[in-house]
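*Asks:* Can you keep this structure in mind? I'll have questions shortly.
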Amino acid sequence: MACSVNEDDARFELNRLVDTSDEAILAEIRRVSALIPGKELTQEAFGRHAKVDRTTVTRRFGSWANALNAAGVGHRIGRHAISLSDDEVLSRLRDLATKLGKDFLTVEDVKQHLPFSNKRLIRGWGSTREALKTAGIGTTPLSPRYTDDECFENLLNVWTHYGRPPTYREMGQSPSIVGGKAYSRRFGTWNKALAAFVEQANRDDDQVNGNVDNRERSVCDLPKIEVIEEYPNRQGRRDAPLGLRFKVLKRDNFRCVLCGDNPAKNPECDLHVDHILPWSRGGSTVLENLRTLCANCNLGRSNRYTD
């Protein structure tokens, strides 16, 4: 529409600028900027409120970013609105490294501090690493090589933290110390890494229990274990292998069997797999003699035996 009615005083208002000078257009950008909340002023949002077409703006000032800068609202330029030459991109990278006082930059550094993403680097140089190399900046050092056992231990910790199988993205967050990419590289895909973990857990369980049927039981179903003076029949090593710990944690729903605390609810909760009858008093490292306790409930228990 070329005009609209102001319902307060029943006056018609023109929906287009009569004056299309540079200053009038810049004033319109400032007006619309004040109307639209948020960090970024996009061309689409501008078009819904402005009295001048966005194509007129970009044609007059060369680019959307140039127009916002000229209007004094350059802080609202979106990440993808800036068109920089390769030399300008490299200069921004070097300036950022100097500002952060770092010898290398990460993808996260670029994402947080620069008005373009690593896709711009990939488009210009084939990879983020090559772009940083061209800028004379190092990339983050390669992650240390972890053993399969270390990968599985980390995965068990993260699985326990969430009380469920973690996602690929969650492996890049605390408490994980091994990223999802490391698992994908080692095992082929993230799903194959999960499958390898389950296979290892089952293998450990078979070795401990000799392929006997150990169906999951609740803690209240566990038999009472008598204290004995000699331990000729004690089973298993003192530290439960990964597969057995996983089975105990899973049986107990990844929560303390005494107070119910769990990492999914309380990130500060640290779960332990504990011997009901302590190892020092003859307790075996078997499913029936293990339970999940939080650090607080386990603190100071030492080798005391309680029902």
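Rule-based calculations on the coordinates, nothing more; no lab input. Computed from a predicted structure; not experimentally measured. Every residue, glycine as well, gets a Cβ built from its backbone with ideal geometry; the counts of neighbours run over all protein chains shown.
*Asks:* Between residue 133 and residue 56, take the C-beta separation as r, use R0 = 30 Å, and let me know the FRET efficiency to the nearest 0.05.
*Replies:* On the way: r = 41 Å, r/R0 = 1.38.
With a Förster radius of 30 Å, E is 0.15.
*Asks:* So, one more: Holding the Cα-Cα limit at 29 Å, pick out from 102/192; 119/265; 102/265; 133/192; 99/119; 39/133 the pairs that are longer than that. Don't jump to the answer; show the numbers that get you there.
*Replies:* On the way: 102/192 36 Å; 119/265 36 Å; 102/265 36 Å; 133/192 33 Å; 99/119 22 Å; 39/133 32 Å.
Violating the 29 Å Cα-Cα cut-off are 102/192; 119/265; 102/265; 133/192; 39/133.
*Asks:* In addition: By how many nm would the segment from residue 63 to residue 181 lengthen if fully extended, with 0.36 nm per residue of separation less the alpha-carbon distance? Spell out each step's value before the answer.
*Replies:* Working: separation 118, 0.36 × 118 = 42.48 nm, distance 3.77 nm.
So the chain would gain 38.7 nm between residue 63 and residue 181.
*Asks:* Let me ask something additional. Taking 0.36 nm per residue of separation and subtracting the Cα-Cα distance, what length does fully extending residue 108 through residue 34 add?
*Replies:* On the way: separation 74, 0.36 × 74 = 26.64 nm, distance 3.04 nm.
Separation in residues times 0.36 nm, less the Cα-Cα distance, equals 23.6 nm.
*Asks:* On to the next question. Can you tell me, using C-alpha contacts under 8 Å and at least 6 residues apart, the relative contact order of segment 86-139 as a whole percent?
*Replies:* Details: 49 pairs, mean separation 22.3, N = 54.
Dividing the mean separation by the residue count of segment 86-139 yields 41 percent.
*Asks:* How long is the gain from residue 94 to residue 19 if the chain were fully straight, where each residue apart is worth 0.36 nm and the alpha carbon distance is subtracted?
*Replies:* On the way: separation 75, 0.36 × 75 = 27.00 nm, distance 4.28 nm.
Full extension from residue 94 to residue 19 adds 22.7 nm.
*Asks:* Under a point spin-label approximation (7 Å from Cα along Cα-to-Cβ), what is the residue 286-residue 119 distance to one decimal in nm?
*Replies:* Once both label points are built, they end up 5.8 nm from each other.
*Asks:* If every alpha-carbon in segment 86-139 counts as one equal scatterer, what log10 I(q)/I(0) does Debye give at q = 0.14, 0.15, 0.18, 0.30 1/Å?
*Replies:* -0.26, -0.31, -0.45, -1.45
*Asks:* To continue, here is another question. Sorted from fewest to most neighbouring beta carbons within 10 Å, what does the list 75, 272 look like? Walk me through the intermediate numbers first.
*Replies:* Details: 75 11, 272 16.
In order of increasing Cβ crowding within 10 Å: 75, 272.
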